[in-house]
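Working notes for the structure below.
The values are calculated or read from the model by the stated rules, or taken from the named source; none is laboratory data. If you're wondering where the values come from, they're calculated on a predicted model, not measured in any experiment. As a convention, Cβ positions derive from the backbone with ideal geometry for all residues, glycine included, and neighbour counts pool all protein chains shown. Note: areas computed on protein heavy atoms with side chains; ligands, DNA, RNA excluded. Shrake-Rupley method; radii C 1.70, N 1.55, O 1.52, S 1.80 Å.
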Amino acid sequence: MRVAVDMDEVVADAFPAQLTWLTERYGYAFDPVAYCGRKLAEVVAGEHHQALQAHLHEGSFFGDLIPIEGAKAALTMLNEHAEVFITTAAMEYPKSLPYKFDWLQRHFPFIDSLRFVFCGDKSIINADYLIDDNARHFERFGGEGILFSAPHNAGEQRYRRDSNWSEALALLGLA
Ligand SMILES: [Mg+2]
């Protein structure tokens, strides 16, 4: 079994870090209900979203994220039962590549770095499963997409989903 695993919102807790960045600079008091099923661009002022995007494009943001709860233990276990590839659309933020590479080596040293796949369009990925928070990557994916729950994908109904890594392992028949 080969399993492709996304980074942001699946193993790296990128969304809360973006909220924190916006709160610290612009004083947002985010209401979780306000961004459920919506993109951040829809709930913050345009200039603030642009500033956040500029920050993300600088790259270092991605080197300082907290791993998603349970991800390390789950990938340790998954790595014993499957070929695990980390597949991230890093080309959306090209300067994030060295930071993402270092982050993966630091937090997931048990995954061979030759299985880190920095890509853009994930339809190139050939795996049995893709665990990702963005359903758009499943539309042309040959295996089964498993949606990792995140606030922005709350309304998505087309795919099996998990709310955390315990549920993800269960969907793969490993828990
Ligand atoms: Mg993601």
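Looking at segment 55-70, is at least one residue of a type in the set (Val, Ile, Thr) and either under 14 Å from the mean Cα position of the chain (by Cα) or exposed (fewer than 12 other Cβ atoms within 10 Å of the Cβ) (or both)? Looking through segment 55-70, at least one residue is of a type in the set (Val, Ile, Thr) and either under 14 Å from the mean Cα position of the chain (by Cα) or exposed (fewer than 12 other Cβ atoms within 10 Å of the Cβ) (or both).
Just the residues that are hydrophobic (A, V, I, L, M, F, W, C) and under 14 Å from the mean Cα position of the chain (by Cα), please, taken from segment 76-90. Scanning segment 76-90 gives Phe85, Ile86, Ala89, Ala90. Can you go through Leu22, Leu40 and tell me which one is buried (at least 17 other Cβ atoms within 10 Å of the Cβ) and more than 16 Å from the ligand (Cβ to nearest atom)? Only one candidate passes the filter, namely Leu22.
If you scan segment 1-14, which residues turn out to be within 11 Å of the ligand (Cβ to nearest atom) and open to solvent by less than 30 Å² (accessible area, probe 1.4 Å)? Scanning segment 1-14 gives Val5, Asp6, Met7, Glu9, Val10, Val11, Ala12, Ala14.
For segment 101-135, the candidate set comprises residues that are aromatic (Phe, Trp, Tyr) and closer than 11 Å to Phe62 by Cα; within that set, the residue that is surrounded by the most Cβ atoms within 10 Å (Cβ to Cβ) is Trp103.
Residue pairs whose Cβ atoms lie under 6 Å apart, sitting 6 or more positions apart in sequence or on different chains, and linking a residue in segment 40-64 that is within 12 Å of Ala14 (Cα to Cα) to a partner that is loosely packed, with under 13 Cβ neighbours inside 10 Å, are Gly63/Asp102. Every test in (1) touching a residue at least 12 places away in the same chain (Cβ under 8 Å); (2) exposed (fewer than 13 other Cβ atoms within 10 Å of the Cβ) is passed by Asp31 save one, and that test is (1).
Among residues of segment 140-175 being within 15 Å of the ligand (Cβ to nearest atom) and acidic (Asp, Glu), the one that is farthest from Asp13 (Cα to Cα) is Glu156. Residue pairs whose Cβ atoms lie under 8 Å apart, sitting 6 or more positions apart in sequence or on different chains, and linking a residue in segment 74-100 that is in a strand (DSSP E or B) and open to solvent by 10 Å² or more (accessible area, probe 1.4 Å) to a partner that is away from the ligand (no atom under 16 Å from the Cβ) and not hydrophobic (A, V, I, L, M, F, W, C), are Glu83/Arg2; Glu83/Arg115; Phe85/Arg2; Phe85/Arg115.
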